[in-house]
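**Student:** The structure follows.
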Amino acid sequence: LRPSWRVGLVVLLLRYCSRAKKSTIARLQVLNWGVRDSQTSDALQSAIDGRAEPQMLIVRFDPFLIRAIAYAAAEGLVAYENGKSVKLLDEGSALAEELFAAEGAFVREKQFIARIGRSLTEAWVNTLFGWKT
């Protein structure tokens with residue numbers, strides 16, 4: 001379950017893969033799924049780039065990500081907004097920057113962040129799931 005790794009991942013994703021350091025939980029779930037291994041990362045990148053249909057992705061929602069977000073909120077790293085979004089707070093941003101600078105920590109995750117960056121938009125996630133906005 002690795003809660004400390006997941007909390008670190010949440011702050012990294014919010015800091016480096018989100019605009020305004022804020023994201024919906026659904027978008028965090030997609031990013032969390034994409035960072036799992038090279039196969040999911042490649043599939044997500046292909047769909048974002050338009051080389052594959054987004055509907056071909058089978059994104060698995062991770063209930064432990066929700067728990068990690070709750071832990072991060074309890075530690076004052078993130079805050080919930082409107083019940084569906086999570087915003088990175090100053091302490092969380094500082095932690096993310098520290099983790100990103102640490103050599104040997106979150107190596108695969110940092111590669112994913114460098115690859116995906118902010119290219120996964122909320123609109124794209126809504127399209128992925130067929131949600132109307």
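**Student:** Check ALA26, ALA47, ALA105 and return the single one that is open to solvent by less than 30 Å² (accessible area, probe 1.4 Å), more than 20 Å from LEU120 (Cα to Cα) and either in a helix (DSSP H, G or I) or not acidic (Asp, Glu) (or both).
**Tutor:** Matching residue, one of ALA26, ALA47, ALA105: ALA105.
To keep it simple, each residue is scored yes or no on (1) modelled with pLDDT under 95; (2) among the small types (Gly, Ala, Ser); (3) touching a helix residue (DSSP H, G or I) at 6+ places or on another chain (Cβ under 9 Å).
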| position | (1), (2), (3) |
| --- | --- |
| LEU28 | no, no, yes |
| MET56 | yes, no, yes |
| ALA74 | no, yes, no |
| ALA79 | no, yes, yes |
| LYS84 | yes, no, yes |
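**Student:** Considering only residues of segment 55-87 that are in contact with a Leu (Cβ under 8 Å, 6 or more places away or on another chain), of a type in the set (A, V, I, L, M) and in contact (Cβ under 8 Å) with a residue 40 or more places away in the chain, which is farthest from VAL11 (Cα to Cα)?
**Tutor:** The qualifying residue farthest from VAL11 (Cα to Cα) is LEU57.
**Student:** Something else: When the residues of segment 1-23 are narrowed to those that are in a helix (DSSP H, G or I) and of a type in the set (Gly, Ala, Ser), which ends up surrounded by the most Cβ atoms within 10 Å (Cβ to Cβ)?
**Tutor:** GLY8
**Student:** Just to be sure, is SER85 of a type in the set (S, T, N, Q) and surrounded by fewer than 13 Cβ atoms within 10 Å (Cβ to Cβ)?
**Tutor:** When the stated conditions are applied, SER85 does not pass them.
The values are calculated or read from the model by the stated rules, or taken from the named source; none is laboratory data. Just so we're clear, the structure is a prediction, and the values are computed from it rather than from any experiment. Reconstructed Cβ throughout: ideal geometry from the backbone, glycine too, with neighbour counts over all protein chains shown. Protein only, heavy atoms only, side chains kept; ligands, DNA and RNA dropped before computing areas. Shrake-Rupley method; radii C 1.70, N 1.55, O 1.52, S 1.80 Å.
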